Amino acid sequence: PSVWDDAPAGWRRGPVGVHLSANDTFTGVAGLYYSTDGSTPTNSSDDYSSAIAISETTTLKFFAVDLAGNSESVKTVTYTIEAVPSASSIRINSGAVATNSVNVTLTLSCSDSQGCSRMQFSNDNVTYSAAETFNTTKAWTLPLVAGTRTVYAKFGDSAGNWSTACSDAIILDTTAPVTAAAPGGGA
């Protein structure tokens, strides 16, 4: 006999229901066996309409036996479930308080059990740049408006999850100071 699943292995953002199907050309299927803990399949099912609920990272093993007593080789599928977003941080110009240039360097950190693979940025936490490959630094341009400027960052992992926005602020000051002498000059 032959058995197959309807949910491809790989990364998932949340729980998945896996349906197993089996067929046998000559005598018919006598039973379908599976396990969800990576052990040798012992759970028996003849109800192919019920889904096997996978809500955490799981190794599913399964095989079928036909009415003549033939069994197929055990098949193994691993589902990696991650719904927790990554932990991340951003620093503008290494945490400087102020800058006189709109061109800054962002220092980035991201920690995720599935690895950080993407990042995107915003000056207003509404409109974000296109996603790009994760790196620990990024050249960024602030809006040319004096005052406190905030940059927001989001990070994506291999499972397709995005972190909540993290941010850092810096004062943009492009105006030179004015000096005066007191008392004023003269004779």
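The values are calculated or read from the model by the stated rules, or taken from the named source; none is laboratory data. Small disclaimer: the values here were computed from a predicted structure and weren't measured. Neighbour counts run over all protein chains shown; Cβ positions are idealised from the backbone, glycine included. When the accessible area is computed, the model is the full protein with side chains, heavy atoms only, and any ligands, DNA or RNA have been set aside. Shrake-Rupley method; radii C 1.70, N 1.55, O 1.52, S 1.80 Å.
Some notes on this structure:
- Förster radius 30 Å - calculated FRET efficiency between Ala176 and Ala87 (Cβ-Cβ, nearest 0.05): 0.15
- Straight-line cross-link partners of Lys154 among the lysines, defined as a Cα under 25 Å from its Cα and at least 8 positions apart when in the same chain: Lys138.
- Per-residue 3J(HN,Hα) values for the range 110-116, derived from phi via the Karplus relation 6.51 cos²θ - 1.76 cosθ + 1.60 with θ = phi - 60°, read 8, 10, 8, 5, 9, x, 8 Hz in sequence order (x marks Gly and Pro).
- Accessible-area ranking of Thr40, Thr179, Thr76, largest first, probe 1.4 Å: Thr179, Thr40, Thr76
- Stokes-Einstein D in µm²/s, Kirkwood radius over Cα pairs - the range 68-187 at 10 °C with 1.306 mPa s viscosity: 91 µm²/s
- Accessible surface for the chain, divided over its residues, is 56 Å² per residue with a 1.4 Å probe.
- A Cα-only calculation for the range 1-45 places Rg and Dmax at 12.5, 40 Å.
- Put a dot 7 Å past the Cα of Ala9, heading toward its Cβ, do the same for Ala165, and the two dots end up 3.9 nm apart.
- Apportionment of accessible area to carbon and sulfur, the range 30-187, percent (1.4 Å): 50 percent
- Extension gain, Ala51 back to Asn70 (0.36 nm per residue minus Cα-Cα distance, nm): 4.4 nm
- Scattering from the range 124-185 was approximated by placing one identical point on each alpha carbon and applying the Debye formula without solvent; log10 I(q)/I(0) at 0.29 1/Å stands at -1.40.
- FRET E, pair Ser21, Thr133, Förster distance 41 Å, beta-carbon r, rounded to 0.05: 0.60
- In range of the label at Ser111: residues from the range 165-181 whose backbone nitrogen is under 19 Å from the point 7 Å along Cα→Cβ: 165-168
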